[in-house]
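Have a look at the structure below before the remarks.
The values are calculated or read from the model by the stated rules, or taken from the named source; none is laboratory data. As the structure is a computational prediction, the values presented were derived from the model and not from experiment. All Cβ positions, glycine included, derive from the backbone under ideal geometry; neighbour counts span all protein chains shown. The protein model used for the area step is the full one, side chains on, heavy atoms only, and it has no ligands, DNA or RNA in it. Shrake-Rupley method; radii C 1.70, N 1.55, O 1.52, S 1.80 Å.
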Amino acid sequence: MTTPHTIAVLGLGRMGSAIATRLAAQGRDVVGWTRSGRAAGTFTMTGDPNEAVAQADLVLLALFDGPACRQVLDAVRDSLRTDTIVLNTSTVAPAEAAGLARQLGPSYVHAPVLGSVPAAAAGALRILAAADPDVLRRVRPALETLGTVRRVEDASTAAALKLIANNSLAGAVLALRDALRQADALGLPRAHVLDVLELGQLGGLVARKRHFLLDEPTDAMAEFTIGALAKDMALLAAASDIPLRSAAGLAGTPAASGADIAVAATAPAVEKAVLEPLHAYIRGHATGDPTHFREAFLPSARIEGIRDAAFVSWRLDEYCTLFQGRPAPDEPTRTRRIDAIDVHGTVATATMTLSHGADTFTDIFLLVRADGRWHIAGKAYHRHS
């Protein structure tokens, strides 16, 4: 079996263009096509994907998602020669990758890449390649032009590993967001905070993305967009059927989906209005004055949990009778902490930890925005004795 000579790159977004440019710079005969018709690079362009495929021994896909891969492949199916290899670098769901492998058989290579545009330009991508051994030998020279190759058992596994890798990136972005929000709350200068964060575990990310994090004017394009990473996290959550905080955290970023992932780390903290009923609730415990609970909760709210080994479901009036209008004797030693809050339009959820003497409580709140302000619609709690 011979090594492919002509490579058709279908999809010339940020990564596709970088891959095609790298291949051409290393002496490969590259013909590119993109649905938008817009691309820049030192390679031949065509407006017809079938024309690109008809010339190619290797068809490389660099598309946004699984549906785009299926659509493009369906469009060029009749132009694929029997000996043409389809190499897919796109990030898709494991089930989508497995379906493409079944559809195309041994001529299909699923090869998602780790790394962004600079790594592609430098030939430093890390490539997870699932393929028939003979086919992989044919395409390995082209792949090694782009980076290092790690063989993976099958297409589904390669796709799943790529999503797991991107999950770690999403976690780093959200960890950076938390750090910057806390620093802002403490009044620390952003530049000084980034200087210190560069010394720690997030240092590489901070160093690469500093101009985005400082909102400085820059000609740099997004290497990896918020929309693409949010899409990947949604795929992972659906494939694993396990809740994934980063999927909601990225999807809820108040920034353009085409912005660089670093912009997600600069999203401001939740508006103070969402916190007001939680602070009123804390005041109620601190003072023992039930007026604060009536300020915090909707009149229809229920407070539920296990008390003395029995389930209780109090109406707000019943809950207020538990408080006598004065602080607990050990109030100076008690603490309350808001651990998390997630806002989704006019509803929100929050978690709070209360240390009250020998007992620690975890409170879970549902909040709603009504009549121009936020209220607690209900609370469930667990008592750790």
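One table, with the values for the structure above:
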read-out	value
Single residue of ARG369, ARG302, ARG336 found to be outside any helix (DSSP H, G or I), within 28 Å of the chain's Cα centre (by Cα), under 29 Å from ALA248 (Cβ atoms) and of a type outside the set (A, V, I, L, M)	ARG369
Residue in region 343-354 that is open to solvent by 50 Å² or more (accessible area, probe 1.4 Å), over 14 Å from ILE303 (Cα atoms) and touching a residue at least 40 places away in the same chain (Cβ under 8 Å) present	yes
Selection status of ARG283, over 30 Å from ALA247 (Cβ atoms), touching a residue at least 12 places away in the same chain (Cβ under 8 Å) and surrounded by 12 or more Cβ atoms within 10 Å (Cβ to Cβ)	no
Count of region 303-313 residues which are touching a Gly at 6+ places or on another chain (Cβ under 9 Å), under 11 Å from LYS379 (Cα atoms) and either loosely packed, with under 11 Cβ neighbours inside 10 Å or not acidic (Asp, Glu) (or both)	2
Test: LEU213 is under 21 Å from ASP260 (Cα atoms) and among the hydrophobic types (A, V, I, L, M, F, W, C)	yes
Where ASP241 falls short, out of the listed (1) touching a strand residue (DSSP E or B) at 6+ places or on another chain (Cβ under 9 Å); (2) surrounded by fewer than 19 Cβ atoms within 10 Å (Cβ to Cβ)	(1)
Count of region 56-79 residues which are part of a loop (DSSP other than H, G, I, E, B) and farther than 16 Å from VAL30 by Cα	3
Condition met for LEU236 (at pLDDT below 95, under 30 Å from ALA165 (Cα atoms) and hydrophobic (A, V, I, L, M, F, W, C))	no
Pairs with Cβ under 9 Å, 6+ apart, first in region 60-82 and closer than 21 Å to ALA142 by Cα and open to solvent by 90 Å² or more (accessible area, probe 1.4 Å), second part of a helix (DSSP H, G or I) and small (Gly, Ala, Ser)	THR82/SER107
